[in-house]
Amino acid sequence: DGGATFVQLREKELSPAALMEEACALAKLCHARHVPFVVDDNVEVALAAGADGVHVGQSDMAARRARALLGPDKILGVSAHKALAAQADGADYLGCGAAFVTGTKLDAHPVTAETMRAVTAAVNIPVVAIGGIEESNILQLQGRGLAGVAVVSAIFAAQDPEAASRRLYELSGQL
């Protein structure tokens, strides 16, 4: 309701049954609002829950394998560590980051503005910045060729998540 244009379920600690339950609930919610929904790392759950696709990271299933399992009509997001290979393997978008220090992925190190610009220039699919993005720093990402941003704490830690989402949506239009 706050303007999110895309939702990814990333739950590393849930049991398989709980993950499936949450994925099914989010698929229903997102589809009712016409917002694409993907599941992180788990093609089987994404397909069973009726998600629009999956996002795979550098240590997860290979993009080519995920695309083969998903088929051509589902969304495939890939972390941008090997951007050209991910694009060749069927990625629909890339996640690039960490843009800033983040508490949601402790092993992520910020990438430079130059690296982010190089990734966006090298591929012809959308690139979304991720990692530590909040209202106070989002505009620092201007000029990097990004299609958008992915946020977690900036919304979920806010006193008013819907208002925070609306403000981030407005600011992301300036990228």
Could you say which residue among LEU76, LEU69 is over 15 Å from the mean Cα position of the chain (by Cα) and not in a loop (DSSP other than H, G, I, E, B)?
-> LEU69
Mind counting the residues in the stretch 1-50 that are touching a residue at least 24 places away in the same chain (Cβ under 8 Å), under 22 Å from TYR169 (Cβ atoms) and part of a loop (DSSP other than H, G, I, E, B)?
-> 10
Kindly indicate whether any position in the stretch 39-57 is among the small types (Gly, Ala, Ser) and under 13 Å from the mean Cα position of the chain (by Cα).
-> yes
Scanning the stretch 48-60 for residues that are among the hydrophobic types (A, V, I, L, M, F, W, C) and touching a strand residue (DSSP E or B) at 6+ places or on another chain (Cβ under 8 Å), which turns out farthest from VAL128 (Cα to Cα)?
-> ALA49
Result of the Cβ filter at 6 Å on the stretch 69-82, keeping first residues that are under 15 Å from VAL123 (Cα atoms) and partners that are open to solvent by 20 Å² or more (accessible area, probe 1.4 Å) and among the hydroxyl-bearing types (Ser, Thr, Tyr), at least 6 apart or interchain, is GLY77/TYR93
Would you confirm whether any residue within the stretch 52-64 is among the polar types (S, T, N, Q), in a loop (DSSP other than H, G, I, E, B), touching a helix residue (DSSP H, G or I) at 6+ places or on another chain (Cβ under 8 Å) and open to solvent by 40 Å² or more (accessible area, probe 1.4 Å)?
-> yes
Residue count for the stretch 144-164, restricted to those that are farther than 28 Å from VAL123 by Cα and touching a residue at least 60 places away in the same chain (Cβ under 8 Å) = 5
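The values are calculated or read from the model by the stated rules, or taken from the named source; none is laboratory data. Just so you know, these numbers come straight off a predicted model, no measurement behind them. Positions of Cβ are generated from backbone atoms using ideal geometry, with glycine treated the same way; all protein chains shown enter the neighbour counts. Remember, those area values only see protein heavy atoms, side chains included, never the ligands or the DNA or RNA. Shrake-Rupley method; radii C 1.70, N 1.55, O 1.52, S 1.80 Å.
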